[in-house]
1. Any chance you could count how many residues in the stretch 114-139 are more than 13 Å from residue 54 (Cα to Cα) and either outside any strand (DSSP E or B) or not aliphatic (A, V, I, L, M) (or both)?
2. Taking the options 109, 86, 158, name whichever one is crowded, with 17+ Cβ neighbours inside 10 Å and in contact with a strand residue (DSSP E or B) (Cβ under 9 Å, 6 or more places away or on another chain).
3. Kindly indicate whether residue 106 is in the same structural domain as residue 60 (by TED's automatic domain parsing), closer than 30 Å to residue 36 by Cβ and part of a helix (DSSP H, G or I).
4. Just for the stretch 224-255: of the residues that are in a strand (DSSP E or B) and not aliphatic (A, V, I, L, M), which one is surrounded by the fewest Cβ atoms within 10 Å (Cβ to Cβ)?
5. Has the stretch 108-125 got at least one residue that is touching a Phe, Trp or Tyr at 6+ places or on another chain (Cβ under 8 Å), β-branched (Val, Ile, Thr) and closer than 19 Å to residue 310 by Cα?
6. When the stretch 38-69 is examined, which residues are found to be part of a helix (DSSP H, G or I) and surrounded by 17 or more Cβ atoms within 10 Å (Cβ to Cβ)?
7. Which condition from (1) within 24 Å of the chain's Cα centre (by Cα); (2) not in a loop (DSSP other than H, G, I, E, B) is the one that residue 182 breaks?
8. If the requirement is being of a type in the set (S, T, N, Q) and modelled with pLDDT under 90, which of these qualifies: 366, 410, 406, 373?
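The values are calculated or read from the model by the stated rules, or taken from the named source; none is laboratory data. Here the structure is a predicted model, which means the values were calculated and not measured. Please note: Cβ atoms are built from the backbone with ideal geometry, for glycine as well, and neighbour counts cover all protein chains shown.
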Amino acid sequence: MFFKNQILYLLIFILFYSCAPKQVEVIPQEPRKIIPNWLSGISNDSLFLYGVSKVENNSTVSSDSLARVKIVKMIKADFLKYLKKIDQNHDLNFSKSKELFWDNRQGKISQYISIYEDYNDGKHNYSLARFDKNSYSNAFYEEFAKVDRLNRERMRSIDSEISVDNFKNIAEILNETVFYTGSNGLIAMNNKDSSVISSLKYIEDYLTGINRRIQLKFDSKALNAMPLVNERRRIKVLAIDALTGKSIDGMWFNVMSVDNYNVDNYNDDLIITKKDGSVEYQVQATGDDQNGYKLIFKTSYKSILKSDFVSLFRSMPERLSLSVIKKNPNIYFENTISNVDSLIKDSDAINAIRECFEAKYNGRFTRKKDKSTISLTFEITTIENSDKISKIYPNFVHSSGALVITDNWTQKNIYSQNIFESSGSDFNSVEKAGINSLKNLAKVVTAKICS
């Protein structure tokens, strides 16, 4: 009986198991990708500027860096456009320094650009970068507020003297303020520009006023009258405040070689005045392919202020020129005398010029131009005074001369100078009045340029 019950239970279990529903294995589906709506671009808003990039999976270019670069380029284009507008409105010359402005600005801007989101569609990488306007603006405002406060303190400490301390304060105002110029239209900070421009215009007015007062001259009366020397001479230049008559200490000058009024790289030195306002300079030799050149001494505000941003301002620095010729020049002398009835081949004025160059510049005159190194042209013009009051009133003739020195190798003028006018008179003869006028002109030549 027990055995029958066991068999019955087994049959019931088999029947129940066979009729029970079978469990089906379910394979989970992959989650559906959400495609960002910024892949084809996104508009900038009041909080952020955006940059979107797309590169192939195997590209060597990072999509993150490309998205950042797009934002930087957008800001730079707008920044330079705005700088140009400020230049036009305030007559400041930003064109030569705009890349320096931008390099400084770019370093600060980059700190506020971040990658917000990345996406890959299987073939391409996409990146969304954004620039945080508010964070950048707040930091910009905070930094400029400190600079603006310091600028006002520095301006109050600047007095009327031409001094190293004043230039130091001007340099600090310039070098710390200039990078806040043109806050940028995209970043909407232009209301701060008025304060920045005000500081820059203050500097411009200061430099313009100082520039009018700086007086450069040679310590030699002869050089001031006729700025011409032989090569390898040592000369002394003086810097004086024309307003106070005081010498200017610590004034930097550029010394540039100029060939026919074009700057040449033959010479470009920096010199600085001592406490007595003087500085000595060793004149260099002429080159192998020239017989003379010009030197220009020019106030170097770039060196004084230690700043590349002096080019913002259009003031013309004070200049002093000097012409240089070879130590023992061979001279071909050409001269003309116009408006004289009779031909005067050897006037006193011409002889005075010849003697001057022989004694002062060790010149040797030659009748053959192809044997000479420089040509000396002395053009004399005489004009008769036609307003003779009466027969007993003497005849008057006025004479003036123009002296030009030319390098015979380069055919370029090394030096030119107008000789002061002189006059001569004679009761009986206009010709004698002309001769007397030329004699007096010779005295002017001797006293003014060959003393």
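1. 12
2. Details: 86 fails: in contact with a strand residue (DSSP E or B) (Cβ under 9 Å, 6 or more places away or on another chain); 158 fails: in contact with a strand residue (DSSP E or B) (Cβ under 9 Å, 6 or more places away or on another chain).
That would be 109, the only listed residue that is crowded, with 17+ Cβ neighbours inside 10 Å and in contact with a strand residue (DSSP E or B) (Cβ under 9 Å, 6 or more places away or on another chain).
3. Numbers: in the same structural domain as residue 60 (by TED's automatic domain parsing): yes; closer than 30 Å to residue 36 by Cβ: yes; part of a helix (DSSP H, G or I): yes.
For residue 106, the condition - in the same structural domain as residue 60 (by TED's automatic domain parsing), closer than 30 Å to residue 36 by Cβ and part of a helix (DSSP H, G or I) - is met.
4. If we filter the stretch 224-255 for residues that are in a strand (DSSP E or B), which is where we start, we get 228-230, 234-241, 247, 252-255.
Remaining after also requiring not aliphatic (A, V, I, L, M): 230, 234, 236, 241, 247, 252-254.
Numbers: 230: 19, 234: 9, 236: 13, 241: 18, 247: 17, 252: 20, 253: 27, 254: 19.
It comes out as 234.
5. No, the stretch 108-125 contains no residue that is touching a Phe, Trp or Tyr at 6+ places or on another chain (Cβ under 8 Å), β-branched (Val, Ile, Thr) and closer than 19 Å to residue 310 by Cα.
6. Let us first name the residues in the stretch 38-69 that are part of a helix (DSSP H, G or I), namely 63-69.
Residues satisfying the conditions are 63, 64, 66, 67, 68.
7. Among (1) within 24 Å of the chain's Cα centre (by Cα); (2) not in a loop (DSSP other than H, G, I, E, B), residue 182 violates only (2).
8. On the way: 366 fails: modelled with pLDDT under 90; 406 fails: modelled with pLDDT under 90; 373 fails: modelled with pLDDT under 90.
None of the other options fit; the residue is 410.
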